[in-house]
Amino acid sequence: MNKLTFTLSLLCILTLYTSCNKWLDVQPSSQVKSSELFKTESGFKEALAGIYTILGEDGLYGKEMTYGMMGVLAQEWKNYPSSYNDDHAYNYNGTLLENRIEKVWSSLYNAISNTNHLLSKIDDGIPFTGKNHSIIKGEALALRAFLHFELLRCFGVSYAVNPTQPAIPYITEYSAKQTKQDQVQNVLAQILTDLKTAKELLRNDPIFTGEIITEMNDNGYLINRQLHLNYYAIEALFARIYLYSGQLDLAIKSAQEVINSHKFTFASQQDFIDRLDKSGAIEQIFGLQINNLTQKSVNFLSQEGENQFSLDLTTKKYYLNDDPLDYRETLFAQGTLSTSNENYYLTKYMALSTDLTNKISNPSYYQNKMPLIKLSEMYLILAEAQWRQGLDALPAFNAQRKARGLTQLTAIPVDFRSELTSEFRREFIGEGQLFHYYKRNNQATIYGTDVNMVSTKSYTFSIPVSESTSANREPNK
């Protein structure tokens, strides 16, 4: 592992990062030493909470890996801060874009390092309450797999292009020794191994067993399982990975398992109209609690901010297909100021109105949630995998359309790929998934740019120069 991976020790993480949602809300002591942390069950809980909190940083899913850098790379925004000009043009030699990419690399590997530290200690014989040992260990293994897959999606070529291309190192030890870079297919195999072990451990997860958890159970530690890499989040990640690697039978099986569990439901039409569940909190199979997300939405996704990401009317119509039946129309607000009244702003992460917070009993549930895996993705994965196998994809695709108010199709369109792309584009704006969708399908041209994404190899981030120099990495493109 290179030196960037260890820029923050576990102690620093627990000192600097706090989270806020009941045990993702642990307030770690700044005086706890790493050597003492793993002597108690509480220390393992704090360590796990610290890892989740890293993921909510601006350099990762708090901004750049969702609506920031990834949004601009996917051409989601018509207007964006000038500091993202290189991102829009795929100029990966630009200093600001280079810095953002290096931050992704170092932060994800930093989170992996701390996950490995936790895993290196969890079987040392510390007593755990109930099933917490298997649940915490399962989550940590699942996180290690998830983080490596995120790195692979960014720094590895698409599996469909060349599964034998050198990509990233898969780190399984808490150690300063350098780990060899591995091929795309080998990294994927290690990801799947970790996920399979994690899934078995998380058969004790209350979201799977149906056990009712209250504040009386271990201070409510196992409440809010959607904010953890839970049992069904692992199954959903299997579906995503199997589709990525062309294992369509397995993708179908995993997507159906999540859907048929009935643990997650779509937000209702009324919730869309009321602007209650804008980010789809009820639909999130796995999401992050980011306490300042609503304020970031004001700063970056509204006319009040100074560095805004927004659409113009033409781009908005393109994203929503100008369909008045689509509930997602309510996720966009037109600017009212003279300088911005031609712009449309994404309200997905905005705070609830005062009227709503006074009406409902749990307003905090619907706010500050960043979706990383949603129910809608399972329906779209199912539809795509079935279509590619010559099976009937219409029920799954229509279920997704119905959930957003669209009319039901009577037959699969001749150009079903375009329909899938259109629905994916509408569904995941501001969530960081569209760029990965284009890359997985090796799509040469995308709306908003004349760049040939395939011939210029613009879908794959270069390994940071500091890493290549210190670790003598092979070319990853």
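Key figures for this structure:
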read-out	value
Whichever residue in the range 348-372 is in contact with a Leu (Cβ under 7 Å, 6 or more places away or on another chain) and under 14 Å from Gln289 (Cα atoms) and, among such residues, is modelled with the lowest pLDDT	Pro363
Exclusive hit being touching a Ser or Thr at 6+ places or on another chain (Cβ under 6 Å), among the small types (Gly, Ala, Ser) and modelled with pLDDT of 95 or more, set Ala167, Ala140, Ala189	Ala140
Subset of the range 274-332 [of a type in the set (Lys, Arg) and in contact with a Lys or Arg (Cβ under 7 Å, 6 or more places away or on another chain)]	Lys278, Lys296, Arg328
Residue check for Lys348: assigned to a helix (DSSP H, G or I), among the charged types (D, E, K, R), touching a Lys or Arg at 6+ places or on another chain (Cβ under 7 Å) and under 25 Å from Glu57 (Cβ atoms)	no
Check on Gly56, open to solvent by less than 10 Å² (accessible area, probe 1.4 Å) and at pLDDT 95 or above	no
Failed condition for Ile122, given (1) among the β-branched types (Val, Ile, Thr); (2) open to solvent by less than 30 Å² (accessible area, probe 1.4 Å); (3) touching a strand residue (DSSP E or B) at 6+ places or on another chain (Cβ under 9 Å)	(3)
Meets criteria (at pLDDT 95 or above and buried (at least 21 other Cβ atoms within 10 Å of the Cβ)) for Ser107	yes
Any chance Tyr92 is assigned to a loop (DSSP other than H, G, I, E, B), aromatic (Phe, Trp, Tyr) and either at pLDDT 65 or above or open to solvent by 10 Å² or more (accessible area, probe 1.4 Å) (or both)	yes
Residues being at pLDDT 85 or above, part of a loop (DSSP other than H, G, I, E, B) and either of a type in the set (A, V, I, L, M) or loosely packed, with under 15 Cβ neighbours inside 10 Å (or both) - total across the range 458-477	3
Scan of the range 398-420 for residues that are touching a residue at least 24 places away in the same chain (Cβ under 8 Å), in contact with a Leu (Cβ under 7 Å, 6 or more places away or on another chain) and either within 30 Å of Ser297 (Cβ to Cβ) or part of a helix (DSSP H, G or I) (or both), ordered by number	Gln400, Gly405, Leu406, Leu420
Count - residues of the range 319-346 that are touching a residue at least 12 places away in the same chain (Cβ under 8 Å), open to solvent by 70 Å² or more (accessible area, probe 1.4 Å) and closer than 16 Å to Arg425 by Cβ	1
Only listed residue being under 30 Å from Leu143 (Cα atoms) and of a type in the set (Asp, Glu), chosen from Glu283, Glu306, Glu329	Glu283
Scan of the range 253-288 for residues that are without any contact (Cβ under 8 Å) to a residue 12 or more places away in the chain and acidic (Asp, Glu), ordered by number	Asp271
Residue among Lys199, Lys177, Lys253 that alone is of a type in the set (Lys, Arg), more than 25 Å from Ser158 (Cβ to Cβ) and at pLDDT 95 or above	Lys199
Residue match in the range 401-412 (condition: out of contact with any Gly (no Cβ under 9 Å at 6 or more places or on another chain), open to solvent by less than 40 Å² (accessible area, probe 1.4 Å) and closer than 16 Å to Ile241 by Cα)	no
Residue within the range 429-447 that is over 17 Å from Asp87 (Cβ atoms), open to solvent by 20 Å² or more (accessible area, probe 1.4 Å) and part of a helix (DSSP H, G or I) present	yes
Those helices (runs of 4 or more DSSP H) lying entirely in the range 244-317 with at least 2 residues buried (at least 21 other Cβ atoms within 10 Å of the Cβ)	248-261, 293-300
Selection from the range 158-188 of residues that are open to solvent by less than 60 Å² (accessible area, probe 1.4 Å), within 22 Å of Ser107 (Cβ to Cβ) and either part of a loop (DSSP other than H, G, I, E, B) or of a type in the set (Gly, Ala, Ser) (or both)	Ala167, Tyr170, Ile171, Ser175, Thr179
Tally, over the range 101-133, of residues that are in contact (Cβ under 8 Å) with a residue 60 or more places away in the chain and in contact with a Cys (Cβ under 9 Å, 6 or more places away or on another chain)	3
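Conditions tested, residue by residue: (1) among the aromatic types (Phe, Trp, Tyr); (2) within 18 Å of the chain's Cα centre (by Cα); (3) assigned to a helix (DSSP H, G or I).
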| position | (1), (2), (3) |
| --- | --- |
| Leu325 | no, no, no |
| Thr330 | no, no, yes |
| Tyr344 | yes, no, no |
| Asn358 | no, no, yes |
| Ser361 | no, no, no |
| Met370 | no, yes, no |
| Leu380 | no, yes, yes |
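The values are calculated or read from the model by the stated rules, or taken from the named source; none is laboratory data. All of these numbers come straight from a predicted model, not from anything done at the bench. Positions of Cβ are backbone-derived with ideal geometry, glycine not excepted, and every protein chain shown enters the neighbour counts. Ligands, DNA and RNA are stripped out before the accessible areas are found, and what is left, the full protein with its side chains, is counted by its heavy atoms. Shrake-Rupley method; radii C 1.70, N 1.55, O 1.52, S 1.80 Å.
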